[in-house]
Amino acid sequence: MAINLTKGQKIDLRKSSGEQLTNFCVGVNWGAIETIKKGLFGKRKVIEDVDLDLSCIMTDANGELADWIYSPEYNGFLQQHNYPLGKLMSKDAALRHSGDDRQGDVGGDDGLDNEIISVDLSKVDSNIDKIFFFLNIYLNKGQNFDFSHIPFAKIRMYEGTPSRVNNVHSSYDIVTDGSYAGKGALIMGKLYKRNGEWKFDAIGEPTDDKMFLQTIQKILQNHAK
Ligand SMILES: [Ca+2]
Ligand SMILES: [Ca+2]
């Protein structure tokens, strides 16, 4: 049975067999906003793209930034401002991002996650102490919505691959959480090491950030030490 995570819940990463979970996916599944508009020529369906960005940062035992995964799509801007460039794989190759999804599911929930970070804890560099996952809404020009407008948005940890879900370990429903209304970013949770064993803390903290760099700053200030 998958665990339904609640905010702040700390869980062990164990399979139902009791074995440690080391290879898994952290995925986010969401839908585009579909509305029926009445026009001059009758009703028509209007689809508004929803671009969520799943990212993560890794910190060392001193709470300093050690590595990161976020979209290279922003590299022009990042380079201009001397920020570290985006990339889809961690330096130790333990974490990999499936790539940017800019629309969300159209025509209902397809049951698969739109952005996924695959994790192999056995490969994580030994100086990494915590791995934080976070989610940002990227608003295209003219767009103005928050988590409460998205038809569905769910986070889960599961065994499998980006295209196949074998066994769901735990899940969290973003859209049904009323405290995320009006918010554009979410510090989802962190993997952390305790006595040599990785565990997960479902932080579930929404923020007003307009860009992922602000979310990274908040994590480093409030959660990494
Ligand atoms: Ca995206
Ligand atoms: Ca999907």
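The values are calculated or read from the model by the stated rules, or taken from the named source; none is laboratory data. Quick caveat: nothing in here was measured; it's all calculated off a predicted structure. Here the Cβ is made from the backbone with ideal geometry for all residues, glycine too, and neighbour counts use every protein chain on show.
Remarks
- Breaking point among (1) surrounded by 14 or more Cβ atoms within 10 Å (Cβ to Cβ); (2) more than 25 Å from the chain's Cα centre (by Cα), for V26: (2)
- The set of residues from the range 107-142 being within 13 Å of ligand 1 (Cβ to nearest atom) and not hydrophobic (A, V, I, L, M, F, W, C) comprises D113, N114, E115, N136, Y138, N140.
- Flag set for G104, criterion: on the phi > 0 side of the Ramachandran plot and within 16 Å of ligand 1 (Cβ to nearest atom).
- Residues in the range 107-163 that are among the aromatic types (F, W, Y) and not in a loop (DSSP other than H, G, I, E, B) were compared, and the one that is farthest from T207 (Cα to Cα) is Y158.
- The range 1-48, residues that are among the hydrophobic types (A, V, I, L, M, F, W, C), modelled with pLDDT under 90 and in a loop (DSSP other than H, G, I, E, B): M1, A2, L40, F41
- Any chance I116 is modelled with pLDDT of 95 or more and within 21 Å of T35 (Cβ to Cβ): no
- The residue that is farthest from the chain's Cα centre (by Cα), counting only those in the range 30-48 that are within 15 Å of ligand 1 (Cβ to nearest atom) and of a type in the set (G, A, S), is A32.
- Of all the criteria given as (1) within 16 Å of ligand 2 (Cβ to nearest atom); (2) over 25 Å from E159 (Cβ atoms); (3) modelled with pLDDT under 95, the one not satisfied by E73 is (1).
- Sole residue being more than 16 Å from ligand 1 (Cβ to nearest atom), under 27 Å from N127 (Cβ atoms), touching a residue at least 24 places away in the same chain (Cβ under 8 Å) and out of contact with any helix residue (DSSP H, G or I) (no Cβ under 8 Å at 6 or more places or on another chain), chosen from L5, L95: L95
- Scope the range 49-88; condition touching a strand residue (DSSP E or B) at 6+ places or on another chain (Cβ under 7 Å), in a loop (DSSP other than H, G, I, E, B) and more than 16 Å from ligand 1 (Cβ to nearest atom); matching residues: A61, P84
- So I11, is it of a type in the set (V, I, T) and more than 16 Å from ligand 1 (Cβ to nearest atom): yes
- Here D173, D146, D208, D177 are screened, and the one residue that is within 14 Å of the chain's Cα centre (by Cα), over 22 Å from R96 (Cα atoms) and not β-branched (V, I, T) is D173.
- For the range 49-63, the set of residues classified as within 16 Å of ligand 2 (Cβ to nearest atom) and surrounded by 16 or more Cβ atoms within 10 Å (Cβ to Cβ) consists of V50, D51, L52, D53, L54, listed by residue number.
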